[in-house]
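Just below is one structure, and these are the notes that go with it.
What follows is calculated from the coordinates using simple rules that are stated; it is not laboratory data. Treat the numbers as computed from the prediction; the structure is a model and nothing was measured. Don't worry about glycine lacking a Cβ; one is built from the backbone with ideal geometry, like all the others, and counts go over all protein chains shown.
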Amino acid sequence: MGFPPPESRSDALSCMSSIDLSLMTGYSQQEEPELKKLELEAEETMFVLLSDVHLDDPNVMVKLRMMFEGFSTLDTPPAMFVFMGNFTSSPFGKDSSDVQDYKKCFDELAELLLEFSVLLTKSKFLFVPGPNDPGAKVLPKSPIPSYFTSSLRDQLPPHTCHFTTNPCRIKYFTQGKVVVDCLLIAC
């Protein structure tokens, strides 16, 4: 088995002239020039990608605090923080205490984020489960169950945190990014 030969996005789209591309891209051809213009105006926009964010490791929480402190001082903080699992240093399901321990990790993350109101008003937080997080060990992997993330959902402003499947697609104007199991692929 091999990979298909590489081709540019424009070449691939030109071969699909009979297909309604707005269903795939999320925008019509008429909207594309305006989206490209907005994209150029927002060229300073930043996404922060973090992988294997082991929330049960105290050193990780210290480093997250340092990172949030630094980004909260910027005039334009990152538009999005993408947290990719695994969210604990050992696989979920090893013993009966895992459920409470895993929930506690996200509770502590919620407490930490509440200290950075600038980030909560200007940034989004996306959580993509890793292979050792709760759920089946197959792709696509379901979002982290809401039981574990209820503190983030309840305490942070609405539409700040998003819990997605693995893989998931991030759409930014005319760009699309696919996040797969701790790997980012541009498309």
Given 4 °C, 1.567 mPa s and a Kirkwood radius over Cα pairs, the Stokes-Einstein diffusion coefficient of the stretch 82-187 in µm²/s is 89
From phi via Karplus (6.51, -1.76, 1.60), per-residue ³J(HN,Hα) for the stretch 42-47 in Hz, x at Gly/Pro: 9, 5, 7, 4, 10, 10
Counting Lys +1, Arg +1, Asp -1, Glu -1, what net charge surrounds Thr45 among other residues with beta carbon under 15 Å of its beta carbon? +1
Mind checking which lysines have their C-alpha under 29 Å from Lys141, skipping anything on the same chain fewer than 8 residues away? Lys63, Lys94, Lys103, Lys104, Lys122, Lys124, Lys171, Lys177
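With Rg and the Kirkwood Rh both taken from Cα atoms, where does Rg over Rh land for the stretch 25-82?
On the way: Rg = 16.4 Å, Rh = 14.0 Å.
Ratio of gyration radius to Kirkwood radius: 1.17.
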About the Cα centre of the stretch 28-186, what is the dipole size in debye to 20, counting +1 per Lys and Arg Cβ and -1 per Asp and Glu Cβ, all else neutral? 380
Please work out the Cα center distance from the stretch 62-76 to the stretch 93-139, rounded to the nearest Å. 18
Got a sec? Which residues in the stretch 137-178 would a label at Glu39 touch, if it sits 7 Å along Cα→Cβ and we count backbone N under 18 Å? 169-178
Only Lys, Arg (+1) and Asp, Glu (-1) charged, at Cβ; the stretch 23-116 dipole about Cα centre in debye: 220
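Between Val99 and Gln30, what is 0.36 nm times their sequence separation minus the Cα-Cα distance? Round to one decimal in nm.
So the chain would gain 20.0 nm between Val99 and Gln30.
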